[in-house]
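Worksheet: the structure to be examined is printed underneath.
The values are calculated or read from the model by the stated rules, or taken from the named source; none is laboratory data. The shown structure was predicted, so the numbers you read here are calculated from the model rather than taken from an experiment. Neighbour counts run over all protein chains shown; Cβ positions are idealised from the backbone, glycine included.
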Amino acid sequence: MAKSKTKTVFFCKECGYESAKWMGQCPGCRQWNTLVEERTAAPSRGKKAGTARAQKLTGLFEVSMEEEERMDSGIPELNRVLGGGIVRGSLILVGGDPGIGKSTLLLQICRNLANAGKDVVYVSGEESLKQIKMRADRLGGFEKEVSLLCETDINVAAELLRERKPDMVVVDSVQTMSSEEVTSAAGSVSQVREVTSVLMQFAKEEGIAVFIVGHVTKEGVVAGPKTLEHMVDTVLYFEGEQNAVYRILRGVKNRFGSTNEIGVFEMKQKGLCEVSNPSQVMLDGRPLDASGSVVVCSMEGTRPLLIEIQALVSPTSFNMPRRTSVGIDYNRVNLLLAVLEKKAGMQLGGCDAYVNLAGGMRLGEPAIDLGIICAVISSYRNLPVHPGTLIFGEVGLTGEVRGVSFVEQRLTEAIKMGFTRCIIPKTNEEALEGSLRNRIQIHGVSNVREVIEIL
Ligand SMILES: Nc1ncnc2c1ncn2[C@@H]1O[C@H](COP(=O)(O)OP(=O)(O)OP(=O)(O)O)[C@@H](O)[C@H]1O
Ligand SMILES: [Mg+2]
């Protein structure tokens, strides 16, 4: 190989934008201070001589539509997030904070596929064979062989894998892999992109499912998997508090299924175990007769999830009242407090307000607005909301309560969980069919004043 000249380029850590000079703001994603300097070999333009293939055009009707073959990962929660199983030839990125359980989950998938008779290779760039063995011993249940490879050079690994042609490959992690063709250090934006593109070619050409692990770092030289999100077919994120036992696997992008499905797991001695009834888990141990606690329903993909919102409103001893929120958008909380002040005449300007979502979850659905409002009212008035009450609805700036979608699913989940009363938007109530009405008491509300009366 001819020795290539190195040159200095700047890459955006967030979107991978490439620039010859440094800029304060990335023109790609408009974020500030995200460009980092890297020395790379000048990229080889075009393919190497002799590798060009003759291509022909294909008509849309000519394309045969066989169902893409999906492999059962042996973990129903994961299958759901993936849209029904692991698609052959797909590239799946699993991101998450350090220690959240990425390697554990992937080793569990390897075990299940191997036990089902598939050929599986686990490539690790960050752990020794002993460490992987220790984790496997902890998980237990390995009946058939899983092939391991400790390697950090992606081209060496890819060559070996091309000969082997397994059914599935796990690469843990993309930041520890490097390619000789790029001179910058492992984990840099250009390395991560190169490694991913090698893996992508390999996955598509050989029709092998490839899982790659990506670390998420707050700040620093290591490229976040954001850069990769465009390149891969599916992006899964592992969320959850480090010290909470519950871990949430969220589909952020999926070329083979719907996104925003979640899978809920619990970290145990035997690895990640599925939680089949997450609403139950989220509501466990909630105070039943405390003011400031209400239960809302949020749709996570196709699944309704009941979750507790807590608010604490107390007179402030500062000039500026303090407001914090955990698990909910801070600005959204401020906006709802302003609506309550203006439209319901509550004097919140002199009060500190803290709003939390229980269980380490993060929710962004507007349907929880009404729940936040109710929690704040309940805490402000020091009146508990009846514990069998479920609340959902979107709240607008004029204090109106707007309808939300998937009302039947939400109500069915509420009934399943033993709730007896529901406060929902008036428009949703009017459109509701009779059978549900008999099974749960429903109050339709059209603005926040009516909510206060009902509470
Ligand atoms: N014996 C055990 N019982 C319960 N949980 C354990 C046990 N051993 C380890 N864990 C959990 O497993 C986690 C480590 O999981 P894992 O190594 O899969 O994470 P990771 O996301 O791959 O981390 P990294 O970013 O370091 O690669 C620990 O943080 C701990 O919570
Ligand atoms: Mg790991």
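So if I check each of Val232, Val296, which one is of a type in the set (Val, Ile, Thr), within 26 Å of Ser188 (Cα to Cα) and more than 16 Å from ligand 2 (Cβ to nearest atom)? Walk me through how you get there before you give the answer.
Details: Val296 fails: within 26 Å of Ser188 (Cα to Cα).
That would be Val232, the only listed residue that is of a type in the set (Val, Ile, Thr), within 26 Å of Ser188 (Cα to Cα) and more than 16 Å from ligand 2 (Cβ to nearest atom).
Answer yes or no as to whether Leu57 is within 30 Å of Asn115 (Cβ to Cβ) and modelled with pLDDT of 75 or more. Explain how you work it out, then say what you get.
On the way: within 30 Å of Asn115 (Cβ to Cβ): no; modelled with pLDDT of 75 or more: yes.
It is false that Leu57 is within 30 Å of Asn115 (Cβ to Cβ) and modelled with pLDDT of 75 or more.
Can you tell me which residue among Arg138, Arg193 is within 16 Å of ligand 2 (Cβ to nearest atom) and in a helix (DSSP H, G or I)?
On the way: Arg193 fails: within 16 Å of ligand 2 (Cβ to nearest atom).
Just a single option satisfies the conditions, and that option is Arg138.
A quick yes/no check of all residues on (1) closer than 30 Å to Thr259 by Cα; (2) buried (at least 20 other Cβ atoms within 10 Å of the Cβ):
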position: Arg303; (1), (2): yes, no
position: Leu312; (1), (2): no, no
position: Val333; (1), (2): yes, yes
position: Arg362; (1), (2): yes, no
position: Ala367; (1), (2): yes, yes
position: Ala375; (1), (2): yes, yes
position: Arg381; (1), (2): no, no
position: Gly396; (1), (2): yes, no
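Taking the residues in segment 80-119 that are assigned to a loop (DSSP other than H, G, I, E, B) and charged (D, E, K, R) as candidates, determine which candidate is farthest from ligand 2 (Cβ to nearest atom).
Only one residue tops the list, namely Arg88.
Among all residue pairs at least 6 apart or on different chains, which show Cβ distances below 8 Å where the first residue, located in segment 152-173, is free of Cβ contacts under 8 Å to residues at least 40 places away in the same chain and within 16 Å of ligand 1 (Cβ to nearest atom) and the second is not hydroxyl-bearing (Ser, Thr, Tyr) and not in a helix (DSSP H, G or I)?
Thr152/Gly125; Thr152/Met177; Thr152/Ala186
Only one of (1) in contact with a helix residue (DSSP H, G or I) (Cβ under 6 Å, 6 or more places away or on another chain); (2) away from ligand 2 (no atom under 15 Å from the Cβ); (3) under 30 Å from Val9 (Cβ atoms) is not met by Val174, so which one is it?
Here Val174 meets the rest and fails (2).
Can you tell me which of Arg362, Arg402 is among the charged types (D, E, K, R) and either under 23 Å from Glu239 (Cα atoms) or in contact with a Phe, Trp or Tyr (Cβ under 7 Å, 6 or more places away or on another chain) (or both)? Outline the logic, then answer.
Numbers: Arg402 fails: either under 23 Å from Glu239 (Cα atoms) or in contact with a Phe, Trp or Tyr (Cβ under 7 Å, 6 or more places away or on another chain) (or both).
One residue alone meets the criteria, Arg362.
What number of residues within segment 363-406 are of a type in the set (Phe, Trp, Tyr) and farther than 24 Å from Ala431 by Cα?
Within segment 363-406, the subset of a type in the set (Phe, Trp, Tyr) is 380, 392, 406.
Imposing the further condition that a residue be farther than 24 Å from Ala431 by Cα reduces the set to 380.
Final tally of qualifying residues: 1.
Only one of (1) acidic (Asp, Glu); (2) farther than 18 Å from Tyr17 by Cα; (3) at pLDDT below 90 is not met by Glu229, so which one is it?
Among (1) acidic (Asp, Glu); (2) farther than 18 Å from Tyr17 by Cα; (3) at pLDDT below 90, the lone unmet condition for Glu229 is (2).
Residues checked against (1) modelled with pLDDT of 90 or more; (2) among the aromatic types (Phe, Trp, Tyr); (3) closer than 30 Å to Asn277 by Cα:
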| position | (1), (2), (3) |
| --- | --- |
| Asp167 | yes, no, no |
| Ala203 | yes, no, no |
| Thr217 | no, no, no |
| Tyr246 | no, yes, yes |
| Arg250 | no, no, yes |
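For segment 115-128, give me each residue that is surrounded by 18 or more Cβ atoms within 10 Å (Cβ to Cβ) and within 17 Å of Arg70 (Cβ to Cβ).
Filtering segment 115-128 for residues surrounded by 18 or more Cβ atoms within 10 Å (Cβ to Cβ) gives 118, 120-125, 127.
Across segment 115-128, the qualifying residues are Lys118, Val120.
Within the group Ile328, Ile307, which residue is assigned to a loop (DSSP other than H, G, I, E, B), at pLDDT 90 or above, farther than 26 Å from Gly74 by Cα and more than 16 Å from ligand 1 (Cβ to nearest atom)? Even if it seems obvious, please write down each step before you answer.
Values: Ile307 fails: assigned to a loop (DSSP other than H, G, I, E, B).
One residue alone meets the criteria, Ile328.
What do you reckon, is Cys273 of a type outside the set (Ser, Thr, Tyr), in a strand (DSSP E or B) and out of contact with any helix residue (DSSP H, G or I) (no Cβ under 7 Å at 6 or more places or on another chain)? Give the steps one after another, and end with the answer.
Values: of a type outside the set (Ser, Thr, Tyr): yes; in a strand (DSSP E or B): yes; out of contact with any helix residue (DSSP H, G or I) (no Cβ under 7 Å at 6 or more places or on another chain): yes.
Criteria met by Cys273.
Tell me, which residue of segment 103-118 that is of a type in the set (Gly, Ala, Ser) and touching a residue at least 40 places away in the same chain (Cβ under 8 Å) is farthest from ligand 1 (Cβ to nearest atom)?
Only one residue fits best here, namely Ala116.
Quick check: anything in segment 73-86 among the acidic types (Asp, Glu) and within 15 Å of ligand 1 (Cβ to nearest atom)? First the steps, then the outcome.
Going through segment 73-86, the residues among the acidic types (Asp, Glu) turn out to be 77.
Still in the list and also within 15 Å of ligand 1 (Cβ to nearest atom): none.
No, that holds for no residue.
List the strands (runs of 3 or more DSSP E) inside segment 347-455, counting only whole elements, that have at least 1 residues being under 15 Å from Val333 (Cα atoms), in contact (Cβ under 8 Å) with a residue 40 or more places away in the chain and not hydrophobic (A, V, I, L, M, F, W, C).
Passing ranges, in order: 351-357.
What pairs come out if I take residues in segment 88-101 that are under 18 Å from Val198 (Cβ atoms) and pair them with residues that are assigned to a loop (DSSP other than H, G, I, E, B) and more than 13 Å from ligand 1 (Cβ to nearest atom) whose C-beta lies under 6 Å away, six or more apart or interchain?
If the second residue must be assigned to a loop (DSSP other than H, G, I, E, B) and more than 13 Å from ligand 1 (Cβ to nearest atom), the pairs left are Gly89/Gly207; Ser90/Asp233; Leu91/Val232; Leu91/Asp233; Leu93/Val232.
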